[in-house]
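The values are calculated or read from the model by the stated rules, or taken from the named source; none is laboratory data. What you are looking at is a predicted structure, and each value in this text was computed from that prediction instead of being measured. Quick reminder, even Gly has a Cβ in these numbers, built from the backbone with ideal geometry, and neighbours come from all protein chains shown. For accessibility, only protein heavy atoms count, side chains too; no ligands or nucleic acids. Shrake-Rupley method; radii C 1.70, N 1.55, O 1.52, S 1.80 Å.
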Amino acid sequence: MRAQPTASHFVNGTYRNCPDGDRFTSIYPATGETIAELTFASASLVDEAMETAAKAQKAWAATAPAERSRILRRAAELLRERNRELSELETLDTGKPLQETLIADAASGAESLDYFASLAATMTGQHIDLGGGTFAYTRREALGVCVGIGAWNYPIQIACWKAAPALACGNAMVFKPSEVTPLSALKLAEIFKEAGLPDGVFNVVQGDGRVGAQLASHPLTAKVSLTGSVATGKRVAALAGEHLKKVTLELGGKSPLIIFDDANVENAVAAAINANFYSTGQICSNGTRVFVQTGIKEALLRRLQERTQAGVLLGDPLDERVNVGPLVSSAQHEKVLGYMALGREEGARLVFGGGKATVASLPEGYFVEPTVFADVRDDMRIAREEIFGPVMCVLDFETEEEVVARANATEYGLAAGVFTRDLTRAHRVVQDLEAGTCWINTYNLTPVEMPFGGHKASGIGRENGHAALESYSQVKSVYVENGDVEAAY
Ligand code: NAP
């Protein structure tokens, strides 16, 4: 395996093994081969990571923000210098095409580090005049030790989206990657150390939900930030509630992409492809419910089929020409194939795809065909449940009022998209959509400057943008008396 980290955990600036921890493996989803053998962190190693982080955090918070910025910017440079090596590792761990990881994973992590580095020194409080020479001021202070818990679809990006604002604000972090994709967070920890981050400020421990739960409820945890499913979000929120931890939850979705008759069909088709097949459909904000106004439905389906069939190249994700890789794991493969079968049973019209894909040279790979179902009804499970694979559901609609009501009729509220040339209508529709991120005439672009997060069951809080800095810091108010103190007697 390329660029294999030397041990399972990274605590207090050094790689650590945990011989008494349960063993697990990371596999290359294109072949099913083991690429790394690791161990879960024991409860005592988790305690050590938290204690080490708590100690290191005090000095890190006292470091001048300009110096914190410099270290984060240096880490961003190192991520860029090692982009190819990190991208290959991410491709091996996730199965995502190298064509994607080269531009979307470590690269977006570097952008996040640069962005929050530039904001670190801008965190200021307020001066509040109280009259008579008396005043108050506010300080924006770090929270302490923040726990990050990641999903498997964007491992290094998720680690950076959490670490960058947390560290910029003067917090320390203990990060637990998904056990499915444990490797790149360790490389990030190495890079932080090389960039000059003091030992103990960023730590990585491996484990499953038990380790996640220990971290979320640990006495030294000030905040927990989870990226994962709604089911896990509820568990973490319950733990955070019980132990009164601050919490950010970035959860799942079943987002609508609404295409009106007057839309530019080529752009809408391109967006629907990106919103369902990029990363083999394993993106939380995907527009998996594609509502198409009846006037352009058949034309749109025809172009969708032509462009997908002409453009898709399934194969070894390490081959840079390949643009659709396998799903991340055997479990995900079974789950997505199950939904493809369910779509047929529920009576949706299969336009193309619908099953396992075979790549002759990779018979053990977890490949599936990019799939489109048309004539999907709102009550079908394929239209209600998050599939997290390349399965697009196309639903017909007639009126604006109807489509907004149907788009909102879900427990989720992560994202939404609108395609129309009528910009007044676009803004009106977006205003009524119950979603944390909306796109007009594009889909799934998430620049670091733009807050990202969910409405309703899709989450609590925001990552990216100024909003993230606020969620990794707290306000202290200081009242300064310049007069005498009056007592009642
Ligand atoms: P998941 O099963 O919910 O797991 C997410 C993380 O939580 C993993 O690290 C997991 O550990 C950990 N975990 C599991 N049980 C836990 C518990 N009781 N306490 C604390 N941590 C626990 O999600 P996934 O399958 O990895 O990722 C796919 C999901 O993530 C989808 O629903 C997707 O929509 C969502 N997602 C959301 C965003 C967003 O920004 N909104 C971005 C990406 C993905 P192990 O896996 O190691 O056991």
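A compact table of results
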{"quantity": "Total residues in segment 160-176, condition touching a Gly at 6+ places or on another chain (Cβ under 6 Å) and either of a type in the set (A, V, I, L, M) or away from the ligand (no atom under 12 Å from the Cβ) (or both)", "calculated": "2"}
{"quantity": "Residues satisfying the stated conditions in segment 465-489, i.e. charged (D, E, K, R) and closer than 30 Å to residue 173 by Cα", "calculated": "470, 476"}
{"quantity": "Selected residue [touching a Lys or Arg at 6+ places or on another chain (Cβ under 7 Å) and closer than 26 Å to residue 182 by Cβ] from 317, 326", "calculated": "317"}
{"quantity": "Subset tally (residues that are touching a helix residue (DSSP H, G or I) at 6+ places or on another chain (Cβ under 7 Å) and either of a type in the set (Asp, Glu) or within 16 Å of the ligand (Cβ to nearest atom) (or both)) for segment 361-381", "calculated": "3"}
{"quantity": "Qualifying residue in segment 286-308 (condition: crowded, with 24+ Cβ neighbours inside 10 Å, touching a Phe, Trp or Tyr at 6+ places or on another chain (Cβ under 7 Å), within 15 Å of residue 153 (Cβ to Cβ) and not hydrophobic (A, V, I, L, M, F, W, C))", "calculated": "no"}
{"quantity": "Positions within segment 5-26 being assigned to a loop (DSSP other than H, G, I, E, B) and either at pLDDT 95 or above or among the polar types (S, T, N, Q) (or both), in sequence order", "calculated": "6, 8, 12, 13, 17"}
{"quantity": "Only listed residue being touching a strand residue (DSSP E or B) at 6+ places or on another chain (Cβ under 7 Å), of a type outside the set (Ser, Thr, Tyr) and within 18 Å of residue 24 (Cα to Cα), chosen from 155, 182", "calculated": "182"}
{"quantity": "Any strands (runs of 3 or more DSSP E) falling wholly within segment 79-183 and containing at least 2 residues that are touching a Leu at 6+ places or on another chain (Cβ under 7 Å)", "calculated": "145-149, 172-176"}
{"quantity": "Residues that are in contact with a Ser or Thr (Cβ under 8 Å, 6 or more places away or on another chain), surrounded by 15 or more Cβ atoms within 10 Å (Cβ to Cβ) and of a type in the set (S, T, N, Q), drawn from segment 109-166", "calculated": "153, 157"}
{"quantity": "Qualifying residue in segment 56-64 (condition: touching an Asp or Glu at 6+ places or on another chain (Cβ under 8 Å), closer than 15 Å to residue 193 by Cβ and not acidic (Asp, Glu))", "calculated": "yes"}
{"quantity": "Residues of segment 457-468 that turn out to be more than 12 Å from the ligand (Cβ to nearest atom) and open to solvent by 10 Å² or more (accessible area, probe 1.4 Å), as a count", "calculated": "2"}
{"quantity": "Residue within segment 73-89 that is within 17 Å of residue 154 (Cβ to Cβ) and without any contact (Cβ under 8 Å) to a residue 24 or more places away in the chain present", "calculated": "yes"}
{"quantity": "Residue in segment 190-203 that is in contact with a strand residue (DSSP E or B) (Cβ under 9 Å, 6 or more places away or on another chain) and in a strand (DSSP E or B) present", "calculated": "yes"}
{"quantity": "Qualifying residues in segment 469-482 (those that are of a type outside the set (A, V, I, L, M, F, W, C) and assigned to a strand (DSSP E or B)) - the one most open to solvent (accessible area, probe 1.4 Å)", "calculated": "479"}
{"quantity": "Within segment 419-450, considering residues that are out of contact with any Cys (no Cβ under 7 Å at 6 or more places or on another chain) and β-branched (Val, Ile, Thr), the one nearest to residue 270 (Cα to Cα)", "calculated": "442"}
{"quantity": "Subset of segment 195-247 that is open to solvent by less than 50 Å² (accessible area, probe 1.4 Å) and charged (D, E, K, R) - its residue that is farthest from the ligand (Cβ to nearest atom)", "calculated": "223"}
{"quantity": "Scan of segment 248-284 for residues that are open to solvent by 10 Å² or more (accessible area, probe 1.4 Å), part of a loop (DSSP other than H, G, I, E, B) and either among the small types (Gly, Ala, Ser) or more than 9 Å from the ligand (Cβ to nearest atom) (or both), ordered by number", "calculated": "261, 262, 264"}
{"quantity": "Number of the exception - residue 361 against (1) out of contact with any His (no Cβ under 8 Å at 6 or more places or on another chain); (2) free of Cβ contacts under 8 Å to residues at least 40 places away in the same chain", "calculated": "(2)"}
{"quantity": "Check on residue 404, more than 12 Å from the ligand (Cβ to nearest atom), part of a helix (DSSP H, G or I) and farther than 30 Å from residue 136 by Cα", "calculated": "yes"}
{"quantity": "Only one of 395, 327, 350, 342 that is open to solvent by 50 Å² or more (accessible area, probe 1.4 Å) and either at pLDDT 95 or above or more than 28 Å from the chain's Cα centre (by Cα) (or both)", "calculated": "350"}
{"quantity": "Complete set of residues in segment 354-368 that are surrounded by 22 or more Cβ atoms within 10 Å (Cβ to Cβ) and not in a strand (DSSP E or B)", "calculated": "365, 366, 367"}
{"quantity": "Number of positions in segment 177-194 that are within 13 Å of the ligand (Cβ to nearest atom) and of a type in the set (Asp, Glu)", "calculated": "1"}
{"quantity": "Cβ-Cβ under 9 Å pairs, at least 6 apart or on other chains, segment 224-245 side in a helix (DSSP H, G or I), far side acidic (Asp, Glu) and more than 10 Å from the ligand (Cβ to nearest atom)", "calculated": "230/411"}
{"quantity": "Positions within segment 32-72 being assigned to a helix (DSSP H, G or I), of a type in the set (A, V, I, L, M, F, W, C) and open to solvent by 20 Å² or more (accessible area, probe 1.4 Å), in sequence order", "calculated": "43, 54, 59, 61, 62, 66"}
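Results for (1) in a loop (DSSP other than H, G, I, E, B); (2) more than 16 Å from the ligand (Cβ to nearest atom), shown as yes or no for each residue.
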{"position": "418", "(1), (2)": "no, yes"}
{"position": "438", "(1), (2)": "no, no"}
{"position": "447", "(1), (2)": "yes, no"}
{"position": "450", "(1), (2)": "yes, no"}
{"position": "484", "(1), (2)": "yes, yes"}
{"position": "488", "(1), (2)": "yes, yes"}
